[in-house]
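**Student:** A single structure is presented below for examination.
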Amino acid sequence: MSLRHSSAVVIAALSLAAGTMVTGALTSPAAPQSQATDQRIVSVNLTRLLNDLEETAAIRTRLNTLAADMRKEQESRQSEIQQMRDELDALPAGSDRTRGLQEQLLIKAADFKSWMEVKSNLRNLEESIEYMRMYDKVLKAVKELAEAQGYEYVLLDDTDIRIQPGTPDEVIPQMFTRRMLFASGKRDITGEVLVRMNNAFRAGIQ
């Protein structure tokens, strides 16, 4: 996408948004009805919620332990390979022992590479599953709280996520995938969801 085309897309989108805001202002219902509707619209800051959840801290601790165990085994395997290399360097070239050790070293190095790939993929998969599971729990807690309090809409507040610099092709998608442009915080229920989920975690409720 060229810079000129990117700018045109941005201008068109902003113009459409501005037109929608004006139309909405002209056709909006009376203030009392609008205020009543506002009371049923709340927001949750997902980043802050996940960072502050006690279960998230427990998950991080467990994943860090698994990572430490993996590093320990990785260092042990690398040490064995290095010992074989040192032994090979001390042997005379062309001897039967040298050729045999070279074959063993190649097999050991190939096994180590495969082990690293499998372990890394498994760890990434497990971490992804944990976050997916946590997201499902957030949805459940938000739904239960909304039903109990009579909220009709719970918006995702992502106003604290900054757009990362880059090319127009990288920046523009970030702009148009934002879910919220401004939140005053007056109707934020992140704290309520946090308390609810922490209490459930302490009680062992899944």
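The values are calculated or read from the model by the stated rules, or taken from the named source; none is laboratory data. Just so it is clear, the model here is predicted, and its values are computed rather than measured. Quick reminder, even Gly has a Cβ in these numbers, built from the backbone with ideal geometry, and neighbours come from all protein chains shown.
**Student:** Say whether the condition of being surrounded by 12 or more Cβ atoms within 10 Å (Cβ to Cβ), free of Cβ contacts under 8 Å to residues at least 24 places away in the same chain and part of a loop (DSSP other than H, G, I, E, B) is met by at least one residue in region 134-155.
**Tutor:** no
**Student:** Still on this model: What about LEU125, is it farther than 18 Å from GLY191 by Cβ and exposed (fewer than 13 other Cβ atoms within 10 Å of the Cβ)?
**Tutor:** In short, yes.
**Student:** Right, here's the next one. Assuming LYS108 fulfils every condition listed in (1) among the basic types (Lys, Arg); (2) farther than 28 Å from ALA57 by Cβ; (3) exposed (fewer than 12 other Cβ atoms within 10 Å of the Cβ) apart from one, which condition is it?
**Tutor:** With (1) among the basic types (Lys, Arg); (2) farther than 28 Å from ALA57 by Cβ; (3) exposed (fewer than 12 other Cβ atoms within 10 Å of the Cβ) applied to LYS108, the lone miss is (3).
**Student:** Let me ask something else. So for region 60-78 (the condition being of a type in the set (Lys, Arg), in contact (Cβ under 8 Å) with a residue 60 or more places away in the chain and assigned to a helix (DSSP H, G or I)), does at least one residue qualify?
**Tutor:** The answer is no, given that none of the residues of region 60-78 is of a type in the set (Lys, Arg), in contact (Cβ under 8 Å) with a residue 60 or more places away in the chain and assigned to a helix (DSSP H, G or I).
**Student:** All but one of (1) β-branched (Val, Ile, Thr); (2) touching a Phe, Trp or Tyr at 6+ places or on another chain (Cβ under 8 Å); (3) within 30 Å of GLU147 (Cβ to Cβ) hold for ILE81, so report the exception by its number.
**Tutor:** Answer for ILE81: the failing condition is (3).
**Student:** If you don't mind, there's one more thing I want to ask. Does ARG123 satisfy being outside any helix (DSSP H, G or I) and not acidic (Asp, Glu)?
**Tutor:** In short, no.
**Student:** Find the residue count for region 170-194, including only residues that are closer than 19 Å to TYR151 by Cβ, of a type outside the set (Lys, Arg) and surrounded by 12 or more Cβ atoms within 10 Å (Cβ to Cβ).
**Tutor:** So the answer is 9.
**Student:** SER76 versus (1) in contact with a Leu (Cβ under 7 Å, 6 or more places away or on another chain); (2) modelled with pLDDT of 90 or more: which is the lone unmet condition?
**Tutor:** (1)
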